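The values are calculated or read from the model by the stated rules, or taken from the named source; none is laboratory data. These numbers come from a predicted model, not from an experiment. Please note: Cβ atoms are built from the backbone with ideal geometry, for glycine as well, and neighbour counts cover all protein chains shown. Only protein heavy atoms, including side chains, enter the accessible area calculation; ligands, DNA and RNA are left aside. Shrake-Rupley method; radii C 1.70, N 1.55, O 1.52, S 1.80 Å.
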Amino acid sequence: MYAIVIASHSGFALNLLRSLTGVASEVFVIGVISPLWRIVHPGRFFSLDIDESEANVELLSRAINRIAAVHPDCVAIPADTIAGGMLIAAAPSLHCALYPSPSRLLLDAFEEKWLFYELCRTHGIPTPPSLLIGKKDGLSIHPITQTIQPPIVVKPTNRM
């Protein structure tokens with residue numbers, strides 16, 4: 001089996017690459033992460049902005065299909081949610097297997113903290129008391145402490 005790892009950042013991708021050792025015959029990496037090209041065999045790293053722009057989804061499709069033409073037993077594996085979204089967008093035009101991934105709605109819930117909170121609540125998964133504040137301009141600690149007792153963690157709802 002040949003693996004094509006698509007990654008927008010190196011953290012998860014490095015762990016995924018390590019887990020593929022001894023499982024995949026060869027691993028190709030598509031992304032913009034400089035540490036990754038150092039550990040992938042020369043000629044197996046393809047630089048591409050990992051986002052969901054139409055142009056880059058098309059470039060990703062072409063890159064994966066070129067690999068699949070030579071290695072028909074390959075599988076495309078997203079290393080993170082951004083890469084997963086890009087693979088979902090490219091899926092209809094790909095000529096290879098895709099690693100099982102969640103639906104677009106579920107992927108979005110994994111990426112956006114408030115959607116994830118709502119998903120957990122919908123399925124009865126315990127969550128800490130939470131409050132959606134909105135824009136940080138409206139952030140005032142006093143009204144928050146009336147709803148949620150300290151200690152309090154304030155985080156953006158999306159990305160890291």
Order 113, 135, 155, most accessible first, counting only protein heavy atoms with a 1.4 angstrom probe.
135, 155, 113
To the nearest 0.05, what FRET efficiency results for residue 144 and residue 122 with a Förster distance of 25 Å applied to their C-beta separation?
0.55
Tell me, what is the Rg over Rh of the chain, with Rh the Kirkwood radius over Cα pairs?
1.09
Working out 0.36 nm times the residue gap between residue 95 and residue 157, then minus their Cα-Cα distance, what length gain in nm do you get to one decimal?
18.8 nm
Tally the DSSP beta bridges in the chain and give the antiparallel ones as a percent, rounded to 5.
5 percent
What is the set of long-range amide H partners of residue 29 at a cut-off below 5 Å, with H atoms built 1.01 Å from backbone N?
5, 45, 46
Only residues of segment 92-110 count here: report those whose backbone N is under 18 Å from the spot 7 Å along Cα→Cβ of residue 12, or say none.
98-110
Accessible surface ranking that places the most exposed of 1, 86 first, with a 1.4 angstrom probe:
1, 86
For segment 89-160, count the residues as N, evaluate 2.2 N^0.38 Å, and divide the Cα radius of gyration by that value, please.
1.52
